[in-house]
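J.: The structure follows.
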Amino acid sequence: MSFPAYYSMAVGVLMLVQWIFFIVTGNVAEFHVIPLEISLHITAEVMTALLLLITGYRLLKRKKRAVKWSLLAQGMLIYSVINSSGYFAQLSQWLFVLMFFALFVLSIIETTNLKPRS
C-alpha cells in the first residue's frame with residue numbers, strides 16, 4: 001500500500017506548492033480576466049491536494065475507509081489533470097500536457113494498486 005500512499009501525498013504537496021508559488025509570484029493572469037472562475041478552479045485543486053494528503057496518510061496508517069476516500073481523491077485528481085491538459089494544450093505548452101498525461105497514468109496505476117483493509 002506504500003506506492004498509493006506516497007504518490008497521493010507527493011502529488012498533494014506539489015499541487016499546493018505550485019499554486020502558492022504561482023499566486024505569490026503573480027503568475028495567475030486569470031485573476032484579472034476571469035477572477036471568479038480561476039478562484040473556484042484553485043479552490044477545487046486545493047481541495048484535491050488536501051484530500052490527497054489526508055488519504056495518503058490514512059492509507060499508510062491503514063485506517064478504515066482509506067481506500068474509498070483515496071478513490072475519490074484520485075477521481076478528483078484525474079479530472080484536474082484532464083482539465084489542466086486542455087488549458088496547456090490550448091497554449092501549445094506540450095511539456096505540461098505530457099506531465100499531466102504521466103500523472104493520469106500514475107493515478108490509474110495507483111487506483112489499481114489499492115487494496116481494501118483486511
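The values are calculated or read from the model by the stated rules, or taken from the named source; none is laboratory data. Please read these numbers as outputs of a predicted model, since none were measured by experiment. Here Cβ is always computed from backbone atoms with ideal geometry, including for glycine, and neighbour counts include all displayed protein chains.
J.: Condition check: part of a helix (DSSP H, G or I) and under 11 Å from the mean Cα position of the chain (by Cα). Does PHE104 satisfy that? Walk me through it before giving the result.
T.: On the way: part of a helix (DSSP H, G or I): yes; under 11 Å from the mean Cα position of the chain (by Cα): yes.
Answer is yes for this residue.
J.: Among the candidates ILE54, ILE42, ILE23, single out the residue that is at pLDDT 95 or above, over 18 Å from MET76 (Cβ atoms) and either surrounded by 14 or more Cβ atoms within 10 Å (Cβ to Cβ) or of a type in the set (Val, Ile, Thr) (or both). Full working, then the answer.
T.: Details: ILE54 fails: over 18 Å from MET76 (Cβ atoms); ILE42 fails: over 18 Å from MET76 (Cβ atoms).
Testing whether each residue is at pLDDT 95 or above, over 18 Å from MET76 (Cβ atoms) and either surrounded by 14 or more Cβ atoms within 10 Å (Cβ to Cβ) or of a type in the set (Val, Ile, Thr) (or both) leaves just ILE23.
J.: Now for a different question. Every residue in region 1-30 that is over 17 Å from SER84 (Cβ atoms), over 17 Å from the mean Cα position of the chain (by Cα) and in a helix (DSSP H, G or I), please.
T.: If the condition is that a residue be over 17 Å from SER84 (Cβ atoms), over 17 Å from the mean Cα position of the chain (by Cα) and in a helix (DSSP H, G or I), then SER2, VAL24 are the ones that fit.
J.: So is MET99 out of contact with any strand residue (DSSP E or B) (no Cβ under 9 Å at 6 or more places or on another chain), in a helix (DSSP H, G or I) and within 18 Å of PRO4 (Cα to Cα) or not? Before the answer, list the steps.
T.: On the way: out of contact with any strand residue (DSSP E or B) (no Cβ under 9 Å at 6 or more places or on another chain): yes; in a helix (DSSP H, G or I): yes; within 18 Å of PRO4 (Cα to Cα): no.
Here the answer is no, as MET99 does not meet what is asked.
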